[in-house]
Amino acid sequence: MLTVNASSRARISRYQQPGNEKRMLALLGGDLDAWLSARPETAREFMRVYPANWLTTNPVGKKS
């Protein structure tokens, strides 16, 4: 599972405690096979930040 820093995303910051690193799943744009065979220095180019209005969030209950 690939994740990226999401501290600047307003919705994400509401769902975690202050001070904790905010992470979200990385969304890969393009051809998955091309990403899997890409050199490490170019693999990051496949990761895209999507506009917030393209994504949905749902709160998860707290652990008991």
Hey, could you check segment 22-49 for residues that are charged (D, E, K, R) and under 12 Å from residue 6 (Cβ atoms) and say which is surrounded by the most Cβ atoms within 10 Å (Cβ to Cβ)? 22
Examine segment 48-59 for a residue that is aliphatic (A, V, I, L, M), over 10 Å from the mean Cα position of the chain (by Cα) and at pLDDT below 80, and state whether such a residue exists. yes
Taking segment 8-30 as the search range and keeping residues that are in contact with a helix residue (DSSP H, G or I) (Cβ under 8 Å, 6 or more places away or on another chain) and either of a type in the set (Val, Ile, Thr) or at pLDDT below 75 (or both), which one is farthest from residue 51 (Cα to Cα)? 30
Output for Cβ contacts, cut-off 8 Å, separation at least six or different chains, first residue outside any strand (DSSP E or B) in segment 5-23, second among the charged types (D, E, K, R) and modelled with pLDDT under 75, reads 22/9
Test for residue 38: is it over 17 Å from residue 57 (Cβ atoms), modelled with pLDDT of 80 or more and not in a helix (DSSP H, G or I): yes
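The values are calculated or read from the model by the stated rules, or taken from the named source; none is laboratory data. Keep in mind that this is a model prediction, so the values were computed, not measured. Cβ sites come from the backbone with ideal geometry, for glycine too, and all protein chains shown count toward neighbours.
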